[in-house]
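Single-structure report; data block below.
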Amino acid sequence: AAGVIQSPRHLIKEKRETATLKCYPIPRHDTVYWYQQGPGQDPQFLISFYEKMQSDKGSIPDRFSAQQFSDYHSELNMSSLELGDSALYFCASSISTSIASMNTEAFFGQGTRLTVV
Amino acid sequence: DAKTTQPTSMDCAEGRAANLPCNHSTISGNEYVYWYRQIHSQGPQYIIHGLKNNETNEMASLIITEDRKSSTLILPHATLRDTAVYYCIDNYGQNFVFGPGTRLSVLP
């Protein structure tokens, strides 16, 4: 079965550079979530999109932005990178159900490991 | 912050059932209980979810108490590959908030 695809899998950037992470959701999934997981930490929610509109926002720094495109893939743009941005970045996708049945599970990709040096 | 509480760690012998408890005393009536696991830096893997009835799939069983304030994830025959951090999350159509989870070690 198709899964969530993230690219690149590994990325090394220098301080103050920019990075773009990409996420391709499972076909027919219309919701995308982004998470950040620092070393030894639990995944932290950054932002989510439903039908190309931002649906929820978590602890995403102002230096980061994201969007969901018409084909439902999403990109996380990170500028002025700092050493503390080094982390695993996960994308997840889900398919919305009727409002009366909000019990849809999300499936995660294998992540992008970003290292800022 | 996560609204669930779980033991920090547990051990289980290979081939035995692993029973992972979770308290979610503040769960609201329309929130589901989800279980995910993360195997060493891989993406979190969905296991199972339920509202109030017990659920079973090919991976695990989920037992939810009648008052819905707690639940137990059961891996019927744990293998070494089940060693992971297990997260219990209550959610209703929003983002999934990961708490500390339970680090399950399956021992040979």
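The values are calculated or read from the model by the stated rules, or taken from the named source; none is laboratory data. Just so it is clear, the structure is predicted and the values come from calculations on it, not from any experiment. Glycine also receives a Cβ, built like all others from the backbone with ideal geometry; neighbour counts cover every protein chain displayed. What goes into the accessible areas is simple: the full protein's heavy atoms, side chains included, and nothing from ligands, DNA or RNA. Shrake-Rupley method; radii C 1.70, N 1.55, O 1.52, S 1.80 Å.
Note on A:K22: lysines with a C-alpha under 22 Å away, same-chain residues under 8 apart excluded, are A:K13, A:K52, A:K57. For segment B:23-84, the Kirkwood radius over C-alpha pairs fed into Stokes-Einstein at 4 °C and 1.567 mPa s yields D = 104 µm² per second.
Rg of the Cα atoms in chain B, relative to 2.2 N^0.38 Å, amounts to 0.99. For A:M78, B:M10, the ranking by accessible surface with the largest value first comes to B:M10, A:M78, using a 1.4 Å probe.
From the alpha carbon centroid of segment A:70-98 to that of segment A:1-52 is 3 Å.
When +1 charges are put on Lys and Arg Cβ atoms and -1 charges on Asp and Glu Cβ atoms, the dipole computed for segment A:37-80 relative to its Cα centre reaches about 100 debye.
Under 15 Å of direct C-alpha separation, and excluding same-chain neighbours fewer than eight residues apart, B:K69 reaches these aspartates and glutamates: B:E31, B:D90. Interface B-A: total buried accessible area of about 1700 Å², 1.4 Å probe, protein heavy atoms only. Calculated accessible area for chain B comes out at 50 Å² per residue, all protein chains present (probe 1.4 Å; ligands, DNA, RNA ignored). When every Cα-Cα distance of segment B:60-108 is counted in 10 angstrom steps from zero, the calculated P(r) takes the values 21, 46, 29, 4 percent.
Based on alpha carbons, the Rg and Dmax found for segment A:1-64 are 13.2, 39 Å. Contact order, relative form, for chain A: 36 percent (alpha carbon pairs under 8 Å, 6 or more residues apart, mean separation divided by residue count).
Here the alpha carbons of chain A define both size measures, Rg and Dmax, at 13.9, 47 Å. With contacts defined as alpha carbon pairs under 8 Å and 6 or more residues apart, what's the relative contact order of segment A:1-65 in percent? Here the relative contact order equals 21 percent. Based on C-alpha pairs under 8 angstrom that are at least 6 apart in sequence, chain B has a relative contact order of 39 percent.
Cα convex hull, the protein assembly as shown: 123 Å³ per residue, rounded to a whole number. For A:D85, the accessible area of its heavy atoms, probed at 1.4 Å with every protein chain present, is near 10 square angstrom. Put simply, segment A:48-87 fits an ellipsoid with semi-axes of 22, 11, 7 Å; these come from the alpha carbon gyration tensor as the roots of five times its eigenvalues, largest first.
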